[in-house]
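Data block below; observations after.
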Amino acid sequence: MADDEVDPKEYRWETGYEKTWEAIKEDEAGLVEGLVAEFAQKAARKAAAPRRGPVRLGMMRHLLLAIDCSEAMNCQDIKPTRFLCTLKLLERFIEEFFDQNPLSQLGLVLLKNKRAEKLTDMCGNVRKHIKAVQGLTNMNLTGEPSLQNALEYAGRVLKPLPGHASRELLVLFASLTTCDPGDINTNIQALKTDGIRCSVIGLAAEVRICKKLCQDTGGEYGVILDDVHYRSLLLECTAPPPRARALDAGLIKMGFPHCAPLSAQPDNNADPPITQCMCHLEEGEGVGTEGHLCPQCRTKYCSLPAQCRTCGLTLASAPHLARSYHHLFPVDPYEEVPNEGQAQYCFGCLRLFNDLDKELHRCGRCREHYCWQCAGLVSSTLHVCPGCAARPHLYQRLPDTS
C-alpha cells in the first residue's frame, strides 16, 4: 500500500528530462539536428552575462570562500555527494577566478563542528588553493556549521585590508540550520558597516538568515537546482561586483618586478645566490636562484601577483593589468539578424553558413557576421571582436546613423 502512494516523479531531474523529450519534435525531413542547434543557442544566450552598463567595478578583489563541511554535505542529491561535487567544481572556480581577476586574492575557510577553521591564507597562488581543495577528498564530515563564526572570521580577516580593494565573503551552505554562540544580527550589521559584501549559494533550500545576510550586505543569494546550475552560480561569482558609490577613487602604488636570476656581485661570471622566496617561507619551499624582486625592498617572490610582506607594495605584471582591462570596457553585444544570405561564412571560424543557421550575429562596428558559437566565445573568453581587432581604427566609436 505504501508503494502505491509513492509519487513516481519524486526526483526533480526526472521531470526535467520528461519536459525535454516533450519539446523535441522532428522537422519535415525527420531530423532533430536543427532543434538541437536551437536548444544550444538558447542555452548559450541564457548563459551569457547581462551587460552591466557604465558602472564602477572592483577590479582588485579579496574574496574569502567558506565551505560547509558538516554532515549535510554527505547528502547524495547531487552525485556522488554534495561535498565531492563541490570540491570538483571549486577546482574550476579557482582557476576561472584568477583568470578573470588576476589582481585579486582568495582565501579558504572550512565550516564544521560549529567552528570556522582556516584552510588557506589570503593569497593569489592558484596552485596552493587547488592543492588544498584536493586534499579534502577523504575528510570526515561531522557536526553542524556555524554561520556566525564564519562571519566573525571574515570580519577579522577582511576588515584590515585596504579600502581600494573590494572585500567579499562567499559561503557554500548545505545545512538548513546553523549553531551560533550569540546574536548573528550583530555580525551582519558589523559586516554591513565595514563594507564587506556577503553572498551565499545554498545546496538544499532557501534559509531565511542567509537571505537576510545577502540583502543587508548587498550580496547575491541562490539555491542550486542540480550540478549544472551549481556550476553556473559559482562561475557567476568570478565577475567583479559593482563598486560602492561611497568609496572615492584614488591612486594605488604598485610595483612591477622583473623575473631574472639574482646576482650578489656585479661580476657577471659569479654564480647567483640560492635564496628562499617570502611566499613559501613557512612551508620551507621556494628555494632557488630565480624569482621576482620587489623594486622597493628587494624581497624575493616566486609568483605574481603578490602583496609584499616587508613593505606592503602590490606586486603585479603588465599582463595582469591587461587581462583586467576587459571588465572595464566589455565587447558590445552582437545584434541577432535573420540569415538572408547576407554573409557566406563566419568571420571567426570561417565556417560556411547553412540552412540550420537561422540567425546570425553581427558586430555593430565592423559589420562582420559570426555564428552563435563564435559570438559566445568572444563574449566569454576573447573579450575582443576579431573583426574590430583587424581594423584598429574601428575602436573609435562609430557615429550613430539610426
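Some points to look at:
- Pairs spanning more than 19 Å between alpha-carbon atoms, out of Lys88/Lys128; Lys114/Lys192; Lys159/Lys192: Lys114/Lys192.
- Global geometry of segment 330-395, whether rounded, prolate or oblate, following the gyration tensor of its Cα atoms and the 1.5 cut on a/c: prolate
- A DSSP coil position with no more than 15 other Cβ atoms inside 10 Å describes the following trypsin sites (Lys or Arg not before Pro) in segment 287-367: Arg298, Arg309, Arg351, Lys358, Arg367.
- Prolate/oblate/rounded label for segment 61-236 (Cα gyration tensor, a/c 1.5): rounded
- Summing +1 for each Lys or Arg and -1 for each Asp or Glu among the other residues whose beta-carbon sits under 14 angstrom from that of Lys114 gives -4.
Every read-out reported here was derived from the displayed coordinates using simple, explicitly stated rules and does not represent laboratory data. In this text, all values refer to a predicted model and were calculated from it rather than measured experimentally. Backbone-built Cβ (ideal geometry, glycine too); neighbour counts: all protein chains shown.
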